[in-house]
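Step one of this worksheet: look at the structure below.
Throughout, read-outs are computed from the coordinates displayed, never taken from laboratory work. Just so it is clear, the model here is predicted, and its values are computed rather than measured. Cβ placement follows ideal geometry from the backbone for every residue including glycine, while neighbour counts extend to all protein chains displayed.
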Amino acid sequence: MERRDVQGHYERLAADYDEHWGSAPRHITWMSARLAETLRLSSGDRMADIGCGTGIFAREVARIIDPQHAILCVDPSPAMLTQIGTPPPAGLTPIAASAEDVAAGSAQLPYEQLDAIWLKESVHHVADPATTLDGLAARLAPGGRLLVVMLPTSIEYPLFQAALDRFTELQPDPELIVGHLRAAGLQPQLRYVQDELHLDREKYIGMVRARYMSVLSTFSDSEIEKGIDEMRAAHPEPVLTFPDRFAFVLGVKPGGGR
């Protein structure tokens, strides 16, 4: 996806990111449970959440599995990592680094190998997904799992039409990620999972105005306000209900006991 001031976008979004999703705690729990079950996480796994943001999902995963080894919360945005807390909650270790840094071995990690890595809605920020995913696969122990969670190329969000069109234009196809994981020597599989969101309309409009999705950062203030007017006209209902569908692309490294 377009890399228009991605760092600046998340620096501005950081302080309010968790608040945006505070009205949908069930979705955080639902997604975290899907991450844990898809990756077959156990308390003894060495894990990394690459592009973790504020750690909102890693925190819930830690609650679910009670890890023996802290989950590595890796993100290039210091402002996002700051929201994890100082000191961070038990079970989480923030690391300021990008996916590319981890893949290239330039990020200092406390674990020589990892049993599970996930990238939730961050792969579209990677300039060279094939090279980066290959490098991340190399960090896996035998039997290790790498999961890329991403939106499909079209979504049914109650956004304005120009945003929906631009998303489809920029979003990578999950099948490409399947190919990258296979080329990296992993055994890939693709499945889709779906949740249903129920969000207060004005809350959601506030999220759009704050550009909670990175694609929204490609629109000017005036374009966002025009889009919000379009959304209000199309969706007069006070609570917005819409499907949130995700592609789960899992790659498993041969070997190991699983």
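Taken together, V61, V126 contain a single residue that is within 22 Å of Q187 (Cβ to Cβ) and of a type in the set (A, V, I, L, M), which is V126.
The lone criterion from (1) under 20 Å from the mean Cα position of the chain (by Cα); (2) within 30 Å of A116 (Cα to Cα); (3) surrounded by 12 or more Cβ atoms within 10 Å (Cβ to Cβ) left unmet by Q194 is number (3). Of all the numbered requirements in (1) over 17 Å from P67 (Cβ atoms); (2) buried (at least 23 other Cβ atoms within 10 Å of the Cβ), H125 misses one, and that requirement is (2). Against the definition (over 30 Å from E230 (Cβ atoms) and not charged (D, E, K, R)), how does A162 come out, yes or no? Taking the combined requirement at face value, the residue does not satisfy it. Limited to the stretch 206-257, what total is found for residues that are of a type in the set (D, E) and in contact (Cβ under 8 Å) with a residue 40 or more places away in the chain? Going through the stretch 206-257 one residue at a time, the tally reaches 3. Among the residues making up the stretch 243-258, those that are farther than 15 Å from L114 by Cβ and more than 19 Å from the chain's Cα centre (by Cα) are P254, G257. The set of residues from the stretch 55-74 being in contact with a strand residue (DSSP E or B) (Cβ under 7 Å, 6 or more places away or on another chain) and within 16 Å of S122 (Cα to Cα) comprises G55, F57, A58, L72, C73, V74.
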